Amino acid sequence: RCWPHAMMLARCSRTVASASSRRLSKAFLSSEAGGSTMTLNFNLPHETIYAGASVKQVIVPGAAGEYGVTADHVPLVAQLKAGVLQIIHEDGGEPEKFFVPGGFSLTHENSTTDITCPEAVKFDDIDGAVVSSEYEAAKAAFGSAEDGSVAKAEAQIDMEVYRAMGGAVGITLA
């Protein structure tokens, strides 16, 4: 009695496979693949960093691993982990780097990627001494907070973010 459902599943699978195949062909066989640009929207709750910017590539610190997005990338929704977001502009110079504590990335089929983060700090603005000091303060707060309390959870989050930020600028925090 499952036969109609199996046929429907097979039809859906063929449709998805066919659409994926068309996208892959477009990305890999196009003479413009790799040379074209994508559109970037990069937003914080209190500031828009880029709106409709034309860029060559964005390297995203995804929770499942770092990945790059270029024009004609397959649609993708990803949670970001604390790490370095890199924007490679059309001129091909040094990537513009931001430290982000997390967030989300949504890549659309039309070569547009939306990145939303609670905060972002330009990589060049990170002071290693301040990161170390704030990490130690968070570590002390964690040690003195009551188990299971909101204060302990907040201190743990702070420690993880400062550890990631320290790692991004070459400081090992333990």
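In the condition set (1) among the acidic types (Asp, Glu); (2) at pLDDT below 95; (3) under 16 Å from Val169 (Cα atoms), Glu96 is compliant with all but (2). The residue of the stretch 57-84 that is surrounded by the fewest Cβ atoms within 10 Å (Cβ to Cβ), among those that are in contact (Cβ under 8 Å) with a residue 40 or more places away in the chain and within 14 Å of Gly102 (Cβ to Cβ), is Gly62.
Might you let me know whether the stretch 148-159 holds any residue that is under 20 Å from Glu47 (Cα atoms), out of contact with any strand residue (DSSP E or B) (no Cβ under 8 Å at 6 or more places or on another chain), of a type in the set (Asp, Glu) and not in a strand (DSSP E or B)? No, the stretch 148-159 contains no residue that is under 20 Å from Glu47 (Cα atoms), out of contact with any strand residue (DSSP E or B) (no Cβ under 8 Å at 6 or more places or on another chain), of a type in the set (Asp, Glu) and not in a strand (DSSP E or B). Entry remark, the stretch 127-170: residues being among the polar types (S, T, N, Q), surrounded by 14 or more Cβ atoms within 10 Å (Cβ to Cβ) and more than 16 Å from Phe99 (Cβ to Cβ) number 1 in total.
The values are calculated or read from the model by the stated rules, or taken from the named source; none is laboratory data. The shown structure was predicted, so the numbers you read here are calculated from the model rather than taken from an experiment. Cβ sites come from the backbone with ideal geometry, for glycine too, and all protein chains shown count toward neighbours.
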